[in-house]
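Every read-out reported here was derived from the displayed coordinates using simple, explicitly stated rules and does not represent laboratory data. What you see is a predicted model, and the numbers here were worked out from it, not measured in a lab. In this analysis, Cβ positions are derived from the backbone assuming ideal geometry, glycine residues included, and neighbour counts consider all displayed protein chains.
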Amino acid sequence: MNPSPPEPKAVLVVCLRYLGDTLLLRPALRALRAAYPGARIDAVVAAGTACALDDCQDVSRAIEWPRRSIMREISLASEIARGGYDWAVDFTGNDRSALVALVSRAPFRVAYERPKLPAWSLRRAAYHFRPRHKKTKPHALIQRLELLEACGVASRGTHFGLVPREESLALARRELECLPAKLFHMHVTSRDMQKAIPVGVAREVLAAALECGYGVVATSGRDPAEREHVRLCTEGLPAEKARVFHELDWHGLVATISLCDRYWGSDTAPAHIAAAFEKKMLLHYGPSRAEHWRPLHPGALADARPCSCLKNKKNKCPRRQPGLCLQNITAPDVIAWLKS
């Protein structure tokens with residue numbers, strides 16, 4: 001049964017996940033803003049991810065939920081309780097996000113039904129309305145729009161509205177100006193190295209990209225393991241045809257990706273940025289699920305790797321065995337896509 005909640009003057013959106021997931025929140029925020037243009041719309045997101053909502057005109061404030069600090073969590077919970085929210089929309093659906101929704105004291109709180117929960121749990125008690133998915137495990141972005149539709153908020157499409165900052169764009173152009181006009185962007189690591197594509201495959205693909213006349217742009221995070229992986233992948237590339245970046249902030253990464261023509265890598269936050277710009281892409285999935293996180297635009301290919309890690313529904317590799325599901329990627333398949 002659909003509810004008939006009152007028109008909100010203040011909405012709290014909860015999304016306590018990774019950086020790419022916060023970027024995927026933008027279409028839902030746009031739908032809320034279109035439906036209630038005068039409302040205050042605040043988003044509670046995981047620590048370190050609010051940058052994905054920078055310059056987003058559809059959100060009034062992005063609030064980062066602290067990590068590993070009980071006192072800061074209590075302080076922020078108290079602030080949220082005084083926020084005067086009419087709606088709390090939880091897109092995460094775990095115990096922590098349920099607690100945030102509950103302490104908001106919003107008269108209308110909503111999240112998806114989780115059918116395998118115990119008869120009593122915080123996630124059942126926290127919400128007034130718990131619709132079921134329209135279909136089994138839809139794409140994460142579509143899930144959010146459908147949850148809002150169940151509350152009477154119409155979708156405004158799946159585009160992100162991501163625009164590079166002018167100063168970051170100018171800096172990125174200066175960094176890349178001496179490279180060939182066509183740019184091939186590679187991001188083959190993840191923060192915990194679970195989604196690292198093998199070095200040998202990356203080296204073969206980069207050699208083919210140079211032969212095809214591309215300039216190469218390689219990025220990684222700041223973690224030493226990521227940096228070393230990308231160093232091995234790019235070792236020996238000619239300086240006049242390649243750039244490697246380890247220290248880009250969010251806005252630098254957005255600007256750099258916006259200037260590239262093709263993107264190749266695994267399912268990470270930079271991949272979602274490339275999807276926001278509708279780049280020609282090839283993404284490898286495992287241990288993440290392609291049906292949940294794949295790019296939705298034409299010109300993007302999702303290569304789903306069979307992975308035993310998905311069977312336990314934790315989407316996490318065993319300790320000391322990261323990225324086993326990506327070891328069977330072959331360079332000829334990637335090169336065929338590159339030359340297509």
Through the Karplus equation 6.51 cos²θ - 1.76 cosθ + 1.60, θ set to phi - 60°, convert the phi angles of segment 138-145 into ³J(HN,Hα) values in whole Hz; use x for Gly and Pro.
x, 3, 4, 5, 5, 3, 5, 5
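Quick check: residue separation of R114 and C212 times 0.36 nm, minus the Cα distance between them. What number comes out in nm? Could you put the intermediate results ahead of the total?
Values: separation 98, 0.36 × 98 = 35.28 nm, distance 4.89 nm.
The span from R114 to C212 would gain 30.4 nm if fully extended.
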Can you give the relative contact order of segment 10-150 as a percent, counting alpha carbon pairs under 8 Å and 6+ residues apart?
24
Residue-normalised 222 nm signal for the chain, counting each DSSP H run of n ≥ 4 as -39,500 (n - 2.57), nearest 500 deg cm²/dmol, is -9500 deg cm²/dmol
Full extension between R222 and A125 adds, at 0.36 nm per residue less the Cα distance, a length in nm of 30.9 nm
For Rg/Rh (Cα atoms, Kirkwood Rh) the list reads (i) 1.08; (ii) 0.95; (iii) 0.99; the calculated value is entry (iii)
Degrees separating the helix 199-211 axis from the principal Cα axis of the chain, which is the longest one:
70
With everything on Cα atoms, drop me the angle between helix 26-35 and the longest principal axis of the chain, reported from 0 to 90° to the nearest 10.
40
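From the cross-link list K182/K280; K280/K339; K279/K339; K134/K279, which pairs have alpha carbons spaced over 19 Å apart?
Details: K182/K280 12 Å; K280/K339 12 Å; K279/K339 15 Å; K134/K279 29 Å.
Pairs exceeding 19 Å: K134/K279.
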In degrees rounded to 10, the 0-90 angle between helix 250-259 Cα long axis and the longest Cα principal axis of the chain is 50
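How high is the relative contact order of the chain, in percent, with contacts defined as C-alpha pairs under 8 Å that are six or more residues apart?
Relative contact order comes out at 15 percent.
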Going by average Cβ density within 10 Å per residue, which order do the peptides 74-82, 145-153 take, highest to lowest?
145-153, 74-82
Taking amide H atoms as placed 1.01 Å from N in the peptide plane, list the residues 5 or more away in sequence, or in a different chain, whose amide H sits under 5 Å from that of F245.
A218, T219, S220
